[in-house]
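Novice: Below: one structure in C-alpha cells.
The values are calculated or read from the model by the stated rules, or taken from the named source; none is laboratory data. This one's a predicted model, so the numbers in the text were calculated from it and none came from an experiment. Note that each Cβ is placed from the backbone with ideal geometry, even for glycine, and that neighbours are counted across all protein chains shown.
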C-alpha cells in the first residue's frame, strides 16, 4: 500500500513537470496525454483510507527519498531545464517564437529562433521547421494529386533537418526531445533501424513524451522487433507495451496489461478507451460498449475512439444510439475524421450507401491514412455492387497497412461475390495469417474451398475444423462440417458434428432450420444404426416443429414402432431357424 | 489534378527546355546572334533530335540539363554545344511566374498557321513554322495547354522545380563567352558583337545571372536575383553565380547548418535544400513514354536478356511507383521480374496488387472496341495470369484451378478472346508442363466439353487434343490470327508427339484415320505459316477486322499469359506485351507482327522437329538454322534456346561430343537463367553419352542422377525429362554389364512410355531392349524386340529409327552365327542409303562396322582378293568412333583392322592399328568398365600380341 501511494505521488510530480516541459516545446499531443493520465491518478494521499494514518510517517520519509531520487533522474535527463532560466535575453526571443508557434506560424517561429543555441530553442526551431514542411507537404499533395490521390510528395525540410540533427546527434548535443525529432525524421526518411535506436534513446532519457513512444510503436509492426528494443524499466514502458500489444492484435495480453495499469491510474480515460478497444477486437461487444458509455459519461465531448464505439453500435444495430452519437459528434467537431466515420456508419446502417460513401470520403479527405474509413468505404461499395471501386478501396487500405485483416477479408469477399473463389483464397489466406485464431477467417476460407467451382471438400473440412477449434461462435463451421461429412458419406463424423451443433444451439437457445436439419439427420442416422431409443428422442423433439419435419418424424415413429415389434418377434424366429 | 491532363502530361523544366529548343528551331531570330543564323540543315537536324527526344522510351526519367547538354553535343556537335549554353542562359532568365507566363504566350507564335514574318529575320532565311498536327506541333500544343490549366500554385511549383533543374546552367552558361567566340569564327559570320554576351538581344530584356557575374552587389535587384528567394535575406547581398556554386559545394561537403546560418530557416521553396535529397530533381517522362519503357523492360525480361540486373530494375520500378503512383503497370513489371527470378511469394503479391488496382478500369491505352463491359474486363485476365504463373512455377493443380476459374469467368463475362487465351494456356499446361493423373479430373471438371459423357476418364492427351480443337475453332470464330496459328502449331506438335490410340474420342468423328500421320503434321505446319505470311504481307480482310479485337483482347489480357508459360517446346505466342500497342512506333509493320512472326519462327522449329523424327537431320538442321538466323530478334528465349539446343544436338550427332559440349558452353552463356533446365538437361545428356562411350561409369552414374534430379518430383509432370533420365539409367546399367538390371530398367521405362502414351519413345526403348539382349549374348531373345520396333517405326513413319532398328536387327542376325551373315548384309545394304544420307555419326559407324563384320563372316569372301570392301568401312567406322570417343567400338574396329592387315601382310599398318587398339583398350581399362568387357578385351589383346 505504501509503495502504491508513494508511486502515485511520484507519478503525479513527474507528470506535472512533464506537462509543463512538453507544453514549453509545443508537444501538445504528449502534454494532453500526460494530463489525461495525471487526472487519472487516484485522489491525493489524504483520502487514502484508514491505513494511511498509521503508516503516514514511514510513508512520508519514503516518499521524500524516492521522489528526490526521481528528481535527480529528471535533472540528469533534462539537464537543460535548469540552465534555461538564466538566459533571459534569449528567453525573450524564445517567447516570441513560442507565440508564433502557438499561432501556427511555423516558418516565422523558426526564423525568430535562429541563432539561439540552447537546446530548448534548438528543438523548437527544428520542430517548427518540420511542421512547416509537413504543412507544405499536405498542401502540395492536394495541389498535385487531389484530396484522395496518391502522391510521392515528401516533407521538403527532411533532408536539411536530418543533416543538422545528425550533426548534433554525433556531437552528443541532442537532448531527449531533439532525439525524438531526429527519430521522426529518420523514420520518414525510411531509416527504420536507426530511427528505432534514436527513439529508444529518447524515451530512455525522457520517458514522459508519449509521442515518442507512439513513433516507436509505429516502428514495431513486426512482433519480433519488440524484444530487441533496449528499453529501461519505467512505468511509461508499461503503457507502451500494452499499446503495442493492442496494435499487434495480441488483445488478451494487452487487456491484462491495461488491467494492471488501471490499478495505478483508475481514472484515466485513455486506459478506459484502450481497454474498450481491446474488448472490441476480441469481439466482446457488450463489455466494450459498457466501457465506451462510461467514457462518454465522464468525457461527453470526447471524439477519439468514438469511431470504434460507432462500429459496435453498428454491429448491434442500435439505430437510435448511433444517431445520437453522430449528432453529438457533429455538434462537438464536425470536421474530424472520426465524426465523419460515425456518420458514415449511421448511414450504412440505414442502408443509404451513397451517403455513407460520401462521409467516408470526407473522413479520408481529412486524413488520407485513416485505415478503417478505407475499409468501411470498401464495404459500402460492395453493398452498392460497385466491385472495382470496392477492390480499390480495400487495396488502398492494405497498402497503407498490410496488417489490416479486415481489408484483406473484404478483398476476399469481393472476389467471392464475383464468383472467383480460387482468386479469393489468396486474400483469405492473408487474412488468416494475420488472425490465425479468428474463426470467421477460417469459415470464409472453408466456404471458398467448398464452393461448387472448387469443391475441394477435404480442404474445406480442414478449414472448418480450424474454425471450430478457434471457438466459432456463429456455429457456421459445425453445421458446415456436419453437412460436408454427410455429403461425403461419412455418417459417423456427420452425426458427431450435428450433435455438437445441437448442443451449441441448445446452450445458445437458438432455434432455426439448422436445428431441424440436425435433428432430422440424427434421427435417420440413429435409426440406421439401430439406436432406436435415441432415434425416438430426436423424433419427439422434431414433433415440436411444424411442416414437413413433423410429417417425417411421424413416419419415422411409425417405422420405429414396426421395427420394434419385429425385433420382439425376431429372436424367436432366429432360434427356430438355427436349431435344427 | 486537372493540371495534368488525363495522359499524365505535366509541364516540367525539361519540357520548358524542349520548348526553348523548339523556339530555336522555328524562330531562331528570337535567339542571340550565332544561333539566329543557323543553316536549315542544322535546323532540321535539331528538329529530328527534338522529335527523337519526345518519343524516346529508353528511360523513364527526363534528362537533366547536363544530360541534355551531352545529348545536344552528340547530336549536333559544336552547334549543339552552343545551343546548350544558350539554352542554359535562357533558362536562367526565368525569374518569376510572370516570365514563364510570357514565354509560354510567345510559344503560340511558333504555331501560327500562316507564315509569320518577323522583322528581324534575314532576307534569305527560311521561315519554318510548326504544323498544328505534326508531332512536334502536338507536343508544343500540349505544353501550352498544360501550362494554361496550371493553377498558380502549379506555376510556383514549376518555378521551384526549375531552380533545381537549372543549377548546372550556371556553369554551362559561364563557358558561353569562350565557346561562342570559337563558334562564331567557325561559322564565319560577322563578329561585331560576339565577344560579350548579348543580353540586349534576349527577348525578355531582363537582367540575368550571367550579367551579374563580376558586378556583385547590385543591391537594387537583390530581390530578383535567382529564382525564388534562395538567398538568405539577413545581412547578405545578392549572391552571384560563383558564390552560389561555392555555397552549394559547401553544402555538399560540410552538410551543415553552419554555412547557411539559421539552417533551413529559408523561405519555402528553398531549392538548395531540396536538391540535397537528390531525387527531388527527377521528373518522369510522359505516361506514354514511361509505358513504352515498361514495355521494353517487359520484353527484355521475358526474353531473358537481362540488360538490367533484377535489383536495379526493382529500384527503378519503385522509383516509378513513387513518382507516378497511378501507373499500375509497374506492379506488373514487378511481377514479371519476380517471376523470372523465381521469387514466388513476391510474384504472387505483385500480381494480386496489379490486378486489384487495374481491374475494372481497363488498360490505360485501351484500344477502342472493347466489347467487354469495362467494369468487368480484367478479372479473368488476372486469373489467367495467376494460372500461368502457377504453371511457370510448376504448381499444376493450382494452375488448373486458376485457369478453370478463368474459363468460367470469361464465359460469364462474354470475354471470348480471354477465353481463347485461357484455353490456349490450358493446352500449354497440359502439353508442356504435364499434369498429374488425379489432377486431370479437375482439369475437365468444369469444362463443358468434357461433361459430355466420358469426362474425367479421358486421358490427358485426349483432353488436350479436344482442347486444342476447341481452341482452334474459337480462334477461327473470333478471328484471332495468332491464336489460330498457335492452335495449328500445337495440333501439329500434338500429331508429332502422339499417336491417337482410341478409335472413339468424345469429340472426334468415328472412323477417323488414327495413326501417326506425317501428312496431318505437314498440313498443319504448312497452314500456319500460310496464314501468318498472309497477315504480314497484305493485311487480309480477316486480319484487318481482327486487328481491333485482337489488340484490345491483348490489352485486356495484357501480356499476362505469355512467357510466363515458359515451359519447353514453344511458347504461347499470343499476347506478349511487346505486342500491346506498338502500333505507335514507327518502323513496325503493325501491332500483330511480333507475335505472328514469332509463330512463324516457331513453325520452323516444329518443321525441324518433324524432319528429325521422320528421318532427315540435315533438313532439320536447315529449319533450325532458319529459325536461329531469321527469327532471333522476335523469338522468345524459350524458342531460341530450343533452336540452339537442337543445333548442338545436331553437332553432337555429326561432329562428336567434344565440339557439341564447347558449343553448348556458348549457348549456356547466352541463356543464363531462363532456359536453364533445357540447356542443363542437354548438357547432362551429352556428358552422359560421352562418359558412356569413354567407359567412365562413375561419371555417368553421377550425371544420370543429376538428370533425374532436374525433373520435378510431382507425379506426371516433366515426363520428357523423366523419360530421358530413366532411359539413361538403363543405358548406364547396360554399360556396367548389369544386363538383368538394365533390362528391368528398360522395361520400367517402357511402362512409363505406355502409360503416358509416348509411342515414339517406346520405339526407342524397344530398340534399347534389343540392344541389351544383344550385348548380353542372347540374340534370339533380342529378335522380337528389334522386330517390334521395326514394325512400329515403319507404321509411324519414323525413318531414322527404322534404319536403326534394321541395323540392330542385322547385328542380331550376325550374332546368331555365320550362317546368317548374308541376311544381315542384305538388311544393312537395304538401309544404307538412309543411313548415309541422314543418319548420325554413330549409326553410320555402327553400320560400317557391321558391314565389315558381315563381309568377314561371309564364306565366299576373301580378304586377299578384295581387301577394300572390308578395310574402307572399317577405316570409316574407326574414325567415327574415335570422334565420338566410343572406345569400345573403336577398339573393335581397330582390332578387326589389325587382323585384316595382318592377313594381308601389311605389317606397318597392322602395327599402327594395333597401337590404336592398345590405346583404346588402355583408356577403357583406366576407366574401369565391366569385367566381361575387359575379359574379352584382354583376350583380343592376347591375340594381337600373338600376331605382333
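Novice: Residue pairs, Cβ under 8 Å, 6 or more apart or interchain, first in region B:860-882 and at negative phi, second surrounded by 17 or more Cβ atoms within 10 Å (Cβ to Cβ) and outside any helix (DSSP H, G or I). List them.
Specialist: Partner pairs satisfying both residue conditions: B:870/B:863.
Novice: Here is a further query. Go through (1) in contact with a helix residue (DSSP H, G or I) (Cβ under 6 Å, 6 or more places away or on another chain); (2) part of a helix (DSSP H, G or I); (3) modelled with pLDDT under 85; (4) surrounded by 18 or more Cβ atoms within 10 Å (Cβ to Cβ) for residue B:147 and report which single condition fails.
Specialist: For residue B:147, the failing item is (3).
Novice: Right, next: If you check A:453, A:433, which single one turns out to be assigned to a helix (DSSP H, G or I) and either surrounded by fewer than 21 Cβ atoms within 10 Å (Cβ to Cβ) or in contact with a strand residue (DSSP E or B) (Cβ under 9 Å, 6 or more places away or on another chain) (or both)?
Specialist: One residue alone meets the criteria, A:433.
Novice: Has region B:295-315 got any residue that is within 14 Å of chain A (Cβ to nearest Cβ), closer than 25 Å to residue B:636 by Cβ and modelled with pLDDT of 80 or more?
Specialist: Checking region B:295-315: not a single residue is within 14 Å of chain A (Cβ to nearest Cβ), closer than 25 Å to residue B:636 by Cβ and modelled with pLDDT of 80 or more.
Novice: For region A:136-147, how many residues meet the condition of being more than 7 Å from chain B (Cβ to nearest Cβ) and either in a helix (DSSP H, G or I) or modelled with pLDDT of 70 or more (or both)?
Specialist: Residues in region A:136-147 being more than 7 Å from chain B (Cβ to nearest Cβ) and either in a helix (DSSP H, G or I) or modelled with pLDDT of 70 or more (or both): 7 in total.
Novice: Here's something else I'd like to know. Can you tell me which residue among A:467, A:477, A:444, A:482 is closer than 25 Å to residue B:379 by Cα and surrounded by 22 or more Cβ atoms within 10 Å (Cβ to Cβ)?
Specialist: A:444
Novice: Quick one: is residue B:791 over 28 Å from residue B:690 (Cα atoms) and out of contact with any strand residue (DSSP E or B) (no Cβ under 6 Å at 6 or more places or on another chain)?
Specialist: For residue B:791, the condition - over 28 Å from residue B:690 (Cα atoms) and out of contact with any strand residue (DSSP E or B) (no Cβ under 6 Å at 6 or more places or on another chain) - is met.
Novice: So for region A:210-229 (the condition being within 14 Å of chain B (Cβ to nearest Cβ), out of contact with any helix residue (DSSP H, G or I) (no Cβ under 9 Å at 6 or more places or on another chain) and part of a helix (DSSP H, G or I)), does at least one residue qualify?
Specialist: Scanning region A:210-229, I find no residue that is within 14 Å of chain B (Cβ to nearest Cβ), out of contact with any helix residue (DSSP H, G or I) (no Cβ under 9 Å at 6 or more places or on another chain) and part of a helix (DSSP H, G or I), so the answer is no.
Novice: Could you list, in sequence order, the residues of region A:395-419 that are within 10 Å of another protein chain (Cβ to nearest Cβ), within 22 Å of residue B:322 (Cβ to Cβ) and assigned to a helix (DSSP H, G or I)?
Specialist: Within region A:395-419, A:395, A:396, A:398, A:399 meet the criteria.
Novice: On to the next question. In region A:173-185, is there at least one residue being in a helix (DSSP H, G or I) and facing another protein chain (nearest Cβ under 10 Å)?
Specialist: Within region A:173-185, not a single residue is in a helix (DSSP H, G or I) and facing another protein chain (nearest Cβ under 10 Å).
Novice: Going by what's in this entry, would residue A:108 be described as farther than 21 Å from residue A:30 by Cβ, in contact with a helix residue (DSSP H, G or I) (Cβ under 8 Å, 6 or more places away or on another chain) and free of Cβ contacts under 8 Å to residues at least 24 places away in the same chain?
Specialist: yes
Novice: Right, something else. When region B:880-894 is examined, which residues are found to be surrounded by fewer than 24 Cβ atoms within 10 Å (Cβ to Cβ) and closer than 13 Å to residue B:852 by Cβ?
Specialist: Result: B:889, B:892.
Novice: Given the criteria within 12 Å of the chain's Cα centre (by Cα), buried (at least 21 other Cβ atoms within 10 Å of the Cβ) and under 30 Å from residue A:198 (Cβ atoms), does residue A:244 qualify?
Specialist: yes
Novice: Looking at (1) within 30 Å of residue B:327 (Cβ to Cβ); (2) more than 8 Å from chain B (Cβ to nearest Cβ), which is the only condition residue A:120 fails?
Specialist: (1)
Novice: Given the criterion within 13 Å of chain B (Cβ to nearest Cβ), surrounded by fewer than 20 Cβ atoms within 10 Å (Cβ to Cβ) and either over 24 Å from the mean Cα position of the chain (by Cα) or in contact (Cβ under 8 Å) with a residue 24 or more places away in the chain (or both), identify the matching residue among A:131, A:158, A:165.
Specialist: A:131
Novice: More than 14 Å from chain B (Cβ to nearest Cβ) and either more than 24 Å from residue B:349 (Cβ to Cβ) or touching a strand residue (DSSP E or B) at 6+ places or on another chain (Cβ under 7 Å) (or both), is that true of residue A:479?
Specialist: It is true that residue A:479 is more than 14 Å from chain B (Cβ to nearest Cβ) and either more than 24 Å from residue B:349 (Cβ to Cβ) or touching a strand residue (DSSP E or B) at 6+ places or on another chain (Cβ under 7 Å) (or both).
Novice: So residue B:373 ticks every box in (1) at pLDDT below 50; (2) within 10 Å of chain A (Cβ to nearest Cβ); (3) assigned to a loop (DSSP other than H, G, I, E, B) but one. Which box is left unticked?
Specialist: Evaluating residue B:373 over (1) at pLDDT below 50; (2) within 10 Å of chain A (Cβ to nearest Cβ); (3) assigned to a loop (DSSP other than H, G, I, E, B) leaves (2) as the failure.
Novice: Report every pair of residues separated by at least 6 positions or lying on different chains whose Cβ atoms are under 6 Å apart, first residue within region A:257-283 and outside any helix (DSSP H, G or I), second surrounded by fewer than 18 Cβ atoms within 10 Å (Cβ to Cβ).
Specialist: Sorted first by the residue in region A:257-283, then by its partner, the pairs are A:266/A:42.
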